[in-house]
Amino acid sequence: MEALAAGSAQGYHRAMNLDFSDSNPELAELYPEHLGVVGARFDAALERVGASHAVVFSGSQRMSFLDDRTYPFRPNPHFLSFAPLTRHPLSYIVYTPGETPVLLYYQPHDYWHAAPTEPGGYWGSHFDIRIVHEVDEIARHLPAERHKCVLLGEIEDPSHAFDIERTNPESLLNILHFSRGRKTGYELACLRLASRRAVLGHRAAEERFRAGDSEFDIHRAYCAATRLTGSELPYDNIIALNHNGATLHYTNLELSPPGVLRSFLIDAGAQVHGYAADITRTYSYEDPQFAALIARMDALQLEIVRHVSAGMDYRQLHLSTHRLLAQLLVDVELASGNVDTLIATGVTTAFFPHGLGHLLGLQVHDVGGHMENDSGARIDPPSGHPFLRLTRMLEEDMVLTVEPGLYVIDMLLRRLRGSDGESHVNWKRVEELRPYGGIRIEDNVRVLHGGSENLTRDAFAELH
Ligand code: GLY
Ligand code: MN
Ligand code: MN
């Protein structure tokens, strides 16, 4: 177990079930079933394209232009779906239906960098592991009949394809991407752990905000509490004080605190074995009016989460959010008019210009959010809402985010000037709100029949 027991630096770590290692007994119990599900998906996918073997490449290390420096390694999510091998460039999994998958585990003789450690953990005994020290050794472990193989992964250097010609066939990927929408028990356990890990950081970050730290120092406290470096985070932390919260993907991390503290928007995640959390909270420093607005947005967000259940159309949830937001804008005197008018004139979109949420898993914006089925048919976002990343009917064990927002984004509000929306906006109230930036509340939610499991709120409740 990693050093996340009670009494550690931030004082937030509890002796609770926070074993992020690959000897976690709960994950060990759940993993065999997961691997079976992944195998069954590959069986169907290979059958569709008439291939006998899937060769899944982890990826290669990218180099900076004219430099000997590498970019952070981001593994192929299809590789990660088999096993928690997050730091393993140039490794391959060979999957053949009915056989134990072969793992070509690249462990170079390298005294400059740390090579991958000996394979093991709860996943190790489920593979026929062959350690290779040179890339050239890989060829002889691959199926001899290369024409019966498909290769999945990003091939930047053709020599890494080992003469396999069929790479990433779309009709095969459609099966894998559509089915990844529903999570296995093992994946749900990883996602719960990722939420808890992120919440450790969120708690530490809120404390540093209240103590008056800069964005940079809040970020450092977040990384320390989650035990993740910046490049291990599933996306760049959004740590935004005051008006910076109005920039949706603000990642500048100012070194000095602002002269006056008003607000704090933090959108920050964590990952466990490649599975991501994606959580946003917004805090008022000491302004009761802004605190009340946050409370209204929190209630709105919970109202939307209450409607998450299997069989629900996520597009409807997004459109319902605009209706609730329109009423909220009227209630807090940021706008006037009826709900339909505020939506039709683009007022709600100016205050809330992004989608309600997205699928979550091995990728923060997990694949397949627009897929109608596993044949590649697409469900487009509703007209006027191009940024909605999830348009599917919800199914049990999907995990998604619910992240409504309300911001003062001058670029968008300016576009209302001269339009039918202009007279519906209370520009004086907008001026008052501008220095606070914006509000977003984002939870990670598992879909159930007749309801949902809120991974994020559960984690905050456990780590009170
Ligand atoms: N953190 C990116 C997002 O919320 O989608
Ligand atoms: Mn987020
Ligand atoms: Mn998100």
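The values are calculated or read from the model by the stated rules, or taken from the named source; none is laboratory data. Only a predicted model underlies this, so the values are computations on that prediction, with no experimental measurement involved. Cβ placement follows ideal geometry from the backbone for every residue including glycine, while neighbour counts extend to all protein chains displayed.
Working carefully through the options R457, R378, R440, find the one that is within 16 Å of ligand 3 (Cβ to nearest atom) and either touching a residue at least 24 places away in the same chain (Cβ under 8 Å) or more than 21 Å from the chain's Cα centre (by Cα) (or both).
R440
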Those residues of the stretch 364-380 which are on the phi < 0 side of the Ramachandran plot and in contact with a Lys or Arg (Cβ under 7 Å, 6 or more places away or on another chain), in sequence order: H365, D366, V367, G369, H370, M371, E372, I379
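Which of the residues that make up the stretch 277-297 are closer than 18 Å to E207 by Cβ and in a strand (DSSP E or B)?
First, the residues of the stretch 277-297 that are closer than 18 Å to E207 by Cβ: 279-286, 291, 294.
If the condition is that a residue be closer than 18 Å to E207 by Cβ and in a strand (DSSP E or B), then I279, T280, R281, T282, Y283, S284 are the ones that fit.
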Which listed residue is within 22 Å of the chain's Cα centre (by Cα), aliphatic (A, V, I, L, M) and within 16 Å of ligand 3 (Cβ to nearest atom), from L302, L265, L253, L228: L265
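Output the number of residues of the stretch 333-352 satisfying the condition of being buried (at least 17 other Cβ atoms within 10 Å of the Cβ) and either within 16 Å of ligand 3 (Cβ to nearest atom) or more than 18 Å from E403 (Cβ to Cβ) (or both).
Looking only at that region, the number is 9.
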Matching residues in the stretch 222-237 - criterion: being within 11 Å of ligand 2 (Cβ to nearest atom) and over 20 Å from R196 (Cβ atoms): D236
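Just for helices (runs of 4 or more DSSP H) wholly inside the stretch 13-124: which have at least 3 residues that are under 27 Å from the mean Cα position of the chain (by Cα) and of a type in the set (G, A, S)?
25-49
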Every pair of residues 6+ apart whose Cβ atoms lie under 8 Å, when the first sits in the stretch 113-140 and is surrounded by 16 or more Cβ atoms within 10 Å (Cβ to Cβ) while the second is among the basic types (K, R): P116/R87
Sole exception among (1) more than 16 Å from ligand 2 (Cβ to nearest atom); (2) more than 28 Å from N174 (Cα to Cα); (3) in a helix (DSSP H, G or I) for E333, by number: (3)
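Of the residues F79, F42, which is out of contact with any Gly (no Cβ under 9 Å at 6 or more places or on another chain), surrounded by 22 or more Cβ atoms within 10 Å (Cβ to Cβ) and touching a residue at least 60 places away in the same chain (Cβ under 8 Å)?
Numbers: F79 fails: out of contact with any Gly (no Cβ under 9 Å at 6 or more places or on another chain).
Going through F79, F42 in turn, the sole match is F42.
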Cβ pairs under 6 Å, 6+ apart, first in the stretch 201-222 and within 20 Å of D278 (Cβ to Cβ), second charged (D, E, K, R) and part of a helix (DSSP H, G or I): I218/R208; A221/R208
Any hit, the stretch 255-276, residues being away from ligand 1 (no atom under 13 Å from the Cβ), part of a strand (DSSP E or B) and more than 30 Å from D366 (Cβ to Cβ): no
Test: residue in the stretch 149-157 that is in contact with a strand residue (DSSP E or B) (Cβ under 8 Å, 6 or more places away or on another chain), among the hydrophobic types (A, V, I, L, M, F, W, C) and part of a helix (DSSP H, G or I): no
Sole exception among (1) out of contact with any strand residue (DSSP E or B) (no Cβ under 6 Å at 6 or more places or on another chain); (2) farther than 15 Å from Y283 by Cβ; (3) in a helix (DSSP H, G or I) for H219, by number: (1)
Number of the exception - F79 against (1) within 18 Å of R166 (Cβ to Cβ); (2) modelled with pLDDT under 95; (3) of a type in the set (F, W, Y): (2)
Residue satisfying condition, being at pLDDT below 95 and out of contact with any strand residue (DSSP E or B) (no Cβ under 7 Å at 6 or more places or on another chain), within set G421, G376: G376
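Out of L325, L300, which single residue is surrounded by 21 or more Cβ atoms within 10 Å (Cβ to Cβ), touching a residue at least 40 places away in the same chain (Cβ under 8 Å) and assigned to a helix (DSSP H, G or I)? Steps first, please.
On the way: L300 fails: surrounded by 21 or more Cβ atoms within 10 Å (Cβ to Cβ).
One residue alone meets the criteria, L325.
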Total residues in the stretch 393-413, condition assigned to a helix (DSSP H, G or I) and under 19 Å from V330 (Cα atoms): 2
Residue within the stretch 309-316 that is crowded, with 21+ Cβ neighbours inside 10 Å and either more than 16 Å from ligand 2 (Cβ to nearest atom) or more than 19 Å from the chain's Cα centre (by Cα) (or both) present: yes
Which listed residue is in contact with a helix residue (DSSP H, G or I) (Cβ under 9 Å, 6 or more places away or on another chain) and hydrophobic (A, V, I, L, M, F, W, C), from L172, L248, L142: L172
